[in-house]
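What follows is calculated from the coordinates using simple rules that are stated; it is not laboratory data. As the structure is a computational prediction, the values presented were derived from the model and not from experiment. Using ideal geometry, Cβ is built from the backbone for each residue, glycine included, and neighbour counts are taken over all protein chains shown.
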Amino acid sequence: MANMKIKAKVKGDTLKCKVQMKHDMITYNIAKKKGVDANFITYVTGKIGDRIVFEASTSQFLSKNPIIKFEAPSEGVKKGDELTMYWKDLSGKEVTEAKKVKGLK
Amino acid sequence: MERRKFLGLGLVAVALVPASLSAFDFRKDKPDTWKAKKVDEAIKALYGDIKPEESGLTINVPKIASNGGAIPVGMKSDVQLKSLALFQDANPEAAVAAFTIPADVKTVNYMTKIKMAKSGEITLVGEGTDGKFYKVSKKLDVALGGCEG
């Protein structure tokens with residue numbers, strides 16, 4: 001099951017990425033009301049090969065199914081390279097998914 | 001989308017310190033940041049006692065957010081940054097996200113969607129590679145509170 005939608009594209013000297021993570025992002029308040037455990041994405045990275053292009057620590061206040069857009073220099077990104085996104089949530093669930101970078105000849 | 005789920009303000013949440021793996025993880029290194037109720041306290045917990053300049057950064061948000069459950073927040077910088085942190089004052093805790101900026105990123109251009117319970121102010125604080133701190137704040141109106149904090 002896809003846990004993420006990943007789009008990565010090189011345009012000129014910029015690598016443009018858009019990622020949507022499938023996650024309910026249950027805040028502590030919702031959790032209290034519904035009697036479930038709070039759970040939200042706490043840590044996200046994006047990598048091309050070994051190079052980190054994006055890294056963030058996040059809190060409960062990202063929207064449900066959060067979207068992140070980011071840009072990084074495209075230098076060194078080759079055809080066939082993949083953007084590997086990784087996230088981890090409060091329950092300890094870890095998800096890694098990769099997608100080929102588009103826009104390269 | 002069951003937006004109804006998000007409506008209304010609940011009780012103040014009990015903050016926990018989550019476990020983490022990475023050395024760069026702000027949640028592990030700066031746990032107090034995520035528990036701080038006020039923006040100032042959160043900034044202090046993250047960066048210490050700083051005097052940020054009111055320049056270098058830009059926030060892009062709609063003036064009126066129709067749905068507080070997913071407010072697009074664009075973050076841009078004119079200066080090279082080491083890290084960037086996003087706060088708001090409408091939810092029980094202030095911190096939203098902290099980004100570690102890779103060294104080869106010259107100017108930041110990020111976007112994410114956040115939840116806000118009510119109208120409030122979004123604050124962005126960046127730590128420059130030159131050792132200076134930058135800050136920008138922007139108020140916005142939330143027509144329909146989308147977050148229970």
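Other chains near A:4-16: what is the mean number of their Cβ atoms within 10 Å of each residue's Cβ?
Values: counts 0, 0, 0, 0, 0, 0, 0, 0, 0, 0, 1, 1, 1.
Neighbouring Cβ atoms belonging to other protein chains average 0 per residue here.
Within a 10 angstrom radius of the beta carbon, how do A:F40, A:F70 rank from fewest other beta carbons to most? Please report the intermediate quantities before stating the final value.
Details: A:F40 23, A:F70 26.
Least crowded to most crowded, the residues run A:F40, A:F70.
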- [ ] Using label points projected 7 Å from each Cα along Cα→Cβ, tell me how many nm separate B:E121 and B:I64, to one decimal.
- [x] 2.2 nm
- [ ] Within 10 Å of each Cβ in peptide A:67-78, how many partner chain Cβ atoms are there on average? Round it to a whole number, please.
- [x] 4
- [ ] Return the FRET efficiency for the residue pair B:K138, A:T14: r is the Cβ-Cβ distance, R0 is 25 Å, and the value is rounded to the nearest 0.05.
- [x] 0.50
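Given +1 on the Cβ of Lys and Arg, -1 on the Cβ of Asp and Glu, and no further charges, what dipole in debye does the protein assembly as shown carry about its Cα centre, rounded to the nearest 20? Display every interim value, and only then the final one.
On the way: 44 positive and 30 negative charges, 215 e Å.
The dipole magnitude comes to about 1040 debye.
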Open item on the list: With +1 assigned to the C-beta of every Lys and Arg and -1 to the C-beta of every Asp and Glu, and no other charges, what is the dipole magnitude of region B:21-149 about the Cα centre in debye, to the nearest 20?
Closed with: 220 debye
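Assigning unit charges at the beta carbon (Lys, Arg +1; Asp, Glu -1) and nothing else, what dipole magnitude in debye, to the nearest 20, does chain A show about its Cα centre?
Working: 22 positive and 12 negative charges, 108 e Å.
It works out to roughly 520 debye.
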Open item on the list: Using only the alpha-carbon atoms of chain A as identical scatterers, what base-10 log of I(q)/I(0) does the Debye formula give at q = 0.13, 0.15, 0.22 Å⁻¹?
Closed with: -0.49, -0.61, -1.10
TODO: Would you mind ranking B:E41, B:E93 by Cβ crowding within 10 Å, fewest neighbours first?
DONE: B:E41, B:E93
Task: Peptide-level mean, for A:84-96, of C-beta atoms on other protein chains within 10 Å - done: 1
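Could you please rank B:S119, A:S63, A:S57, A:S91, placing first whichever residue has the fewest other Cβ atoms within 10 Å of its Cβ?
Values: B:S119 16, A:S63 24, A:S57 27, A:S91 13.
Least crowded to most crowded, the residues run A:S91, B:S119, A:S63, A:S57.
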TODO: Taking the convex hull of the Cα atoms, report for the protein assembly as shown its projected area averaged over all directions, in nm².
DONE: 12.9 nm²
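Write out the GluC sites (Glu not before Pro) in region A:9-105 meeting two conditions: DSSP loop, and at most 16 other Cβ atoms within 10 Å of their Cβ. All intermediate terms of the calculation are to be shown ahead of the outcome.
Values: sites: A:E55, A:E71, A:E75, A:E82, A:E94, A:E97; in loops: A:E75.
Passing sites in region A:9-105 are A:E75.
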Task: FRET E, pair B:A103, A:S91, Förster distance 41 Å, beta-carbon r, rounded to 0.05 - done: 0.80
Task: Nitroxide proxy distance, nm - points 7 Å out along Cα→Cβ at B:E54 and A:N65 - done: 3.9 nm
